[in-house]
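Working notes, beginning with the structure itself.
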Amino acid sequence: MKKIYFLLLATILIASCKPKSGQSDKTGGKPVITVTLEPLRYFTEAIAGDRFTVVSMVPKGTSPETYDPTPQQLVDLARSKAYFRIGYIGFEQTWTDKLTDNAPHLQFFDMSQGVDLIYDNTHSHRHAEDGKEHHHATGVEPHIWNSATNAQIIAGNILSALCSIDKSNESAYLERYNALCRQIEHTDSLIRQTLTAPGADHAFMIYHPALSYFARDYGLHQIPIEAGGKEPSPAHLKALIDTCKSEKVHVIFVQPEFDRRNAEIIAKQTGTRIVDINPLSYDWEAEMLNTAKALNLMKN
């Protein structure tokens with residue numbers, strides 16, 4: 001709590017001292033839209049084009065579950081035109097109310113509206129960098145962007161938000177939205193071809209279950225290494241090894257922000273491959289396709 005108060009106080013001090021031209025220098029004078037994650041920046045830029053500068057609150061390479069914004073980010077946010085939130089990720093659950101209080105004029109838009117959410121009351125996890133356990137509020141599986149189906153819905157929400165704040169350019173946004181949707185559909189088609197071809201796996205293991213919506217889209221079985229959001233006990237680790245063998249799992253996905261030691265133990269015992277993925281990557285299309293390709297050895 002003290003840390004939060006310090007950040008808000010620092011925000012006020014910086015705002016009172018910093019010249020207002022600073023944000024314009026970074027953005028080329030264009031209005032700014034702030035988003036939570038890099039994948040959401042990808043979708044927003046695809047539709048907004050060059051009419052807005054889009055910035056992410058959570059920088060590349062950091063966890064959106066535990067990230068705290070810098071005082072300068074809070075100052076810059078107050079000068080944004082709008083904030084697009086992904087919906088239920090840890091950063092938003094902790095900071096949205098504070099961000100709203102800090103910038104009451106700022107329009108907030110929820111990109112999860114219309115998504116068929118997956119609920120999981122045990123959805124929590126422990127991060128390697130701080131060793132702390134972090135629970136997702138309301139038990140919602142928050143990684144909604146890892147899904148072509150959801151990507152179409154997110155794109156529609158972005159279109160609606162952009163038209164709301166800049167109606168004069170509605171036709172341009174609609175044109176770019178249609179182009180993005182065609183690209184998402186193409187990506188979805190390629191993924192389905194990969195996952196329905198001979199040799200494709202129907203189950204995979206992953207440290208933290210960030211691919212729940214991906215698995216639902218394509219009828220796959222996601223097996224998380226986490227046990228109720230915690231590192232597995234020796235007994236659960238043995239059960240995972242047995243499950244890996246019985247489910248004919250060939251791939252264990254590991255994200256950069258999580259400890260990979262248990263994945264390496266399972267891989268050594270079962271002969272499975274560890275594949276590095278980054279569901280938080282800006283390159284949404286490439287990440288989705290690479291995930292699918294990893295599940296089909298015949299395609300590699």
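The values are calculated or read from the model by the stated rules, or taken from the named source; none is laboratory data. This is a predicted model, so every value here is computed, not measured. Cβ coordinates were reconstructed from backbone atoms using ideal geometry, including for glycine residues, and neighbour counts include every protein chain displayed. The area values use the complete protein model at the heavy-atom level, side chains included, leaving out ligands, DNA and RNA. Shrake-Rupley method; radii C 1.70, N 1.55, O 1.52, S 1.80 Å.
Each residue of the range 221-234 was assigned a 3J(HN,Hα) from its phi angle through the Karplus expression (A = 6.51, B = -1.76, C = 1.60, θ = phi - 60°), giving 9, 8, 10, x, 6, 4, 10, x, x, 10, 4, x, 6, x Hz with x at Gly and Pro.
What number, in nm² with one decimal, is the all-direction average of the projected area of the convex hull of the alpha-carbon atoms of the range 230-300? Computed as one quarter of the Cα hull surface, the answer is 5.3 nm². Think of the range 146-300 as a dipole: +1 on every Lys or Arg Cβ, -1 on every Asp or Glu Cβ, centred on the Cα centre; then among Pro234, Leu220, Thr291, Pro234 lies furthest on the positive end. Accessible surface for Ile118 stands near 40 Å², nearest 10, in the context of the full protein assembly shown (1.4 Å probe).
Quick check: net charge around Gln107, other residues with Cβ under 12 Å of its Cβ, Lys/Arg +1 and Asp/Glu -1? That sum, taken over residues with Cβ under 12 Å, equals 0. Separation of the alpha carbons by more than 31 angstrom is noted, of Lys60/Lys81; Lys238/Lys293; Lys60/Lys230; Lys81/Lys293, for Lys81/Lys293. In sequence order, the range 160-169 has phi-based couplings of 4, 5, 5, 5, 5, 8, 8, 5, 5, 10 Hz under the Karplus curve 6.51 cos²θ - 1.76 cosθ + 1.60, θ = phi - 60°, and Gly or Pro positions carry x. At a probe radius of 1.4 angstrom, the accessible area of the range 220-286 per residue rounds to 50 square angstrom. Each of Asp259, Asp201 has its accessible area taken with a 1.4 Å probe; listed largest first, they run Asp259, Asp201. In plain terms, the C-alpha convex hull of the range 166-300 casts an average shadow of 9.8 nm² when viewed from every direction.
Rolling a 1.4 Å probe over the protein chains gives Asp110 an accessible area of about 50 Å². Distant-in-sequence amide contacts of Val251, defined by a placed amide H-H separation under 5 Å and a gap of 5 or more residues or a different chain, comprise Met205, Arg273.
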